[in-house]
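Dropping the structure in here first, questions after.
The values are calculated or read from the model by the stated rules, or taken from the named source; none is laboratory data. As the structure is a computational prediction, the values presented were derived from the model and not from experiment. In this analysis, Cβ positions are derived from the backbone assuming ideal geometry, glycine residues included, and neighbour counts consider all displayed protein chains.
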Amino acid sequence: MKRVIQRIIQVLFLILFTALVITGKIQIWMAIFVASALLSLIFSRFYCGWFCPINTVIKPITYAKKKLKTKSLKTPSFLKNGAVRIIILIVFLALMGMVFRTGKKLPVLPALVGIGFFLSLFFEEAVWHRWLCPYGAILSLPSRAARKHMTIDGLLCSNCTRCAKVCPSQAIVKDEKHRIIKHECLVCGECERVCTKGAIKYR
């Protein structure tokens, strides 16, 4: 039931995003994002897993590739350089600053959706979610202090790796037991759904 509600919310926000782009009222979407960024201090990156239109358009592609048994390309090593993420964020902020200052209607946000969609055709989801998305880079900062986030109970975890395999942002790593890097987690709930031990909860 939770997954159905999540999908409905994702589709509704995708429709809202599309309507705001068409009507030229993208500043309303930015207000939603800013509010989500502030709330991520408490609730983590829920925007990514529930509201983000890019994530919503990527999901059907991931589903189709899984059904067709099409393998995704791994993330190129050079993209995992933190400098790449910072450069993309700076370019994004500069473009958005230009849009708000000059009033020019540059299709920055629709372009991001298109780029995310295109990359997901060939690469694993983490290429976008973890390494390239400027939204994610911004949200990863306040999410470091989040009070509520996805956690793995080490006493219940059997190290089966199911959660790590389905995590779209590769936010689950293994030390002695698996753990979730909370500021990289999308709060999408995929890990919780596949855990057979009930070890993963949002708390």
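Filter region 184-201 down to residues that are out of contact with any Gly (no Cβ under 7 Å at 6 or more places or on another chain) and within 22 Å of Phe123 (Cβ to Cβ), then give me how many there are.
5
Is it the case that region 76-96 has a residue that's of a type in the set (Val, Ile, Thr), in contact with a strand residue (DSSP E or B) (Cβ under 8 Å, 6 or more places away or on another chain) and in the same structural domain as Leu132 (by TED's automatic domain parsing)?
Filtering region 76-96 down to residues of a type in the set (Val, Ile, Thr) leaves 84, 86-88, 90-91.
From what is left, the residues that are in contact with a strand residue (DSSP E or B) (Cβ under 8 Å, 6 or more places away or on another chain) are none.
Within region 76-96, not a single residue is of a type in the set (Val, Ile, Thr), in contact with a strand residue (DSSP E or B) (Cβ under 8 Å, 6 or more places away or on another chain) and in the same structural domain as Leu132 (by TED's automatic domain parsing).
Can you name the number of the only condition in (1) assigned to a helix (DSSP H, G or I); (2) over 23 Å from Ala164 (Cα atoms) that Leu106 fails?
Among (1) assigned to a helix (DSSP H, G or I); (2) over 23 Å from Ala164 (Cα atoms), Leu106 violates only (1).
Kindly provide the set of residues from region 141-161 that are over 21 Å from Thr62 (Cβ atoms) and assigned to a strand (DSSP E or B), ordered by number.
Matches in region 141-161: Thr151, Ile152.
Let me ask another. How many residues are surrounded by fewer than 16 Cβ atoms within 10 Å (Cβ to Cβ) and either under 20 Å from Val113 (Cβ atoms) or touching a residue at least 40 places away in the same chain (Cβ under 8 Å) (or both) if we restrict to region 63-75?
From region 63-75, those surrounded by fewer than 16 Cβ atoms within 10 Å (Cβ to Cβ) are 63-64, 66-71, 73-74; that's our starting set.
Pick out the ones that are also either under 20 Å from Val113 (Cβ atoms) or touching a residue at least 40 places away in the same chain (Cβ under 8 Å) (or both) and you get 63-64, 73-74.
Looking only at that region, the number is 4.
Now, a different point. Here is a list of conditions, (1) at pLDDT 95 or above; (2) surrounded by fewer than 17 Cβ atoms within 10 Å (Cβ to Cβ); (3) more than 18 Å from the chain's Cα centre (by Cα), and Leu20 meets all of them except one; can you say which number that is?
Exception for Leu20: condition (2).
Would you confirm whether any residue within region 123-140 is in a strand (DSSP E or B) and in the same structural domain as Ala35 (by TED's automatic domain parsing)?
If we filter region 123-140 for residues that are in a strand (DSSP E or B), which is where we start, we get 123.
Right, trim to in the same structural domain as Ala35 (by TED's automatic domain parsing) and you get 123.
Yes, region 123-140 contains at least one residue that is in a strand (DSSP E or B) and in the same structural domain as Ala35 (by TED's automatic domain parsing).
Further, regarding this structure: Those residues that are surrounded by fewer than 22 Cβ atoms within 10 Å (Cβ to Cβ), part of a loop (DSSP other than H, G, I, E, B) and at pLDDT 95 or above, I need them from region 162-188; list them, please.
Selection gives Gln170, Ile181, Lys182, His183.
Let me ask you something else. How many residues, within region 161-186, are more than 15 Å from Arg144 (Cβ to Cβ), of a type in the set (Lys, Arg) and in contact with a strand residue (DSSP E or B) (Cβ under 8 Å, 6 or more places away or on another chain)?
1
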